[in-house]
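Please read the structure below before turning to the comments.
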Amino acid sequence: MTEEPQVPDSAGPRNGAVTPPRVAVIVSGSGTLLQALLDNAQGYTISSVLSDRADALGLERARAAGVPTAVVQLKDFPDRAAWDRGLLRAVEAFSPDLIVLAGFMRILGEPLLAAYGGRIVNTHPALLPAFPGAHGVRDALAHGVKVTGCSVILIDAGVDSGPIIAQRATEVLDDDTEETLHERIKVIERELLVDVVERMTTGGWQVDGRRVLLRR
């Protein structure tokens, strides 16, 4: 089944001005992907950064850039279901057009997926559907592949199983370790995510089965 193109509702005037699409970024760690988005945002704005960890360096990057932040820690909720609802409320407070998971280390729950399905982007350091899960680089190297890379996907209820938006490849060198290969993947991962977010927010996208078509 072919869906209609999805374009962020960014053209409507707010207080007499045209507001660019709003992107919420959710992080758990250092925020290098976030920094790439902050440094290269064109045609959209990073309107908020959220984290499940109060000590995430990504929050400091956001504050340094003047971006509003929110912390939604699992320990502050009675159970995982309550945390899932709390994360949704925190995201909704910023009214994003698109959500980007940038090094977010938890699986999203049903509330956020139900509210923002088809508008949540994630990256993975392998060429999906090969080597999903937390150890994509290690698994690819152990398997002996000669080419690997990174994927940008739309999130669904599975683990790294959503429709693929874009991919970029890199050669696996004979002397690569998990660390050296991962560092090389991170470079192209940042570049690819910046390109994908710009294209999605400025041109929109269309989902046809498992195919995601980006518009310019």
Query - Relative contact order [Cα under 8 Å, 6+ residues apart], the chain, whole percent - result: 21
Report summary line: Non-local residues with an amide H under 5 Å from the amide H of D156, with H modelled 1.01 Å from N and Pro and chain starts lacking one, are S161, G162
Query raised in the report: Tell me, what is the FRET efficiency for D174 and A130 to the nearest 0.05, using R0 = 35 angstrom and their Cβ-Cβ distance as r?
Result: 0.95
Query raised in the report: Counting Lys and Arg as +1 and Asp and Glu as -1, each charge on the Cβ, what is the dipole of the chain about the Cα centre in debye, to the nearest 20?
Result: 540
Requested in this report: Apply the Karplus parameterisation 6.51 cos²θ - 1.76 cosθ + 1.60, with θ equal to phi minus 60°, to every residue of segment 170-176 and state each ³J(HN,Hα) to the nearest whole Hz, in sequence, with x for glycine and proline.
Outcome: 9, 6, 8, 7, 4, 9, 5
Report task. Taking H placed 1.01 Å from N in the peptide plane, check which residues at least 5 places from S48 or on another chain put their amide H under 5 Å from its amide H. Result -> V23, V25
Query raised in the report: 222 nm [θ] for the chain, helices only, -39500 (n - 2.57) per DSSP H run of 4+, per residue, to 500?
Result: -10000 deg cm²/dmol
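Nearest 5 is fine: what % of DSSP beta bridges in the chain come out antiparallel, could you say?
About 55 percent, rounded to the nearest 5.
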Report summary line: Between A81 and Q206, Cβ-based FRET efficiency (R0 41 Å, step 0.05) works out to 0.80
Requested in this report: Could you tell me what fraction of 2.2 N^0.38 Å the Cα radius of gyration of segment 118-216 comes to, as a two-decimal ratio?
Outcome: 1.08
Requested in this report: Mind pulling up the Rg/Rh value for segment 59-185? Radius of gyration and Kirkwood radius, both on Cα.
Outcome: 1.03
**Report entry** Whole-Hz ³J(HN,Hα) from phi, Karplus 6.51 cos²θ - 1.76 cosθ + 1.60, for segment 190-206, glycine and proline x
**Finding:** 5, 4, 5, 4, 4, 5, 5, 5, 4, 5, 5, 7, 9, x, x, 7, 9
Query raised in the report: Ordered by residue, what ³J(HN,Hα) values in Hz, to whole numbers, does segment 82-94 give under the Karplus form 6.51 cos²θ - 1.76 cosθ + 1.60, where θ = phi - 60° and Gly and Pro are x?
Result: 5, 5, 4, 5, x, 5, 4, 4, 5, 5, 4, 4, 9
Query - q = 0.12 Å⁻¹: log10 I(q)/I(0) that the Debye formula gives for the chain, counting C-alpha atoms only - result: -0.63
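Just so you know, all these numbers are worked out from the coordinates, no wet-lab data involved. Since the structure is predicted, the reported quantities are computational estimates derived from the model, not experimental observations. Virtual Cβ from ideal backbone geometry, glycine too; neighbours counted across all protein chains shown.
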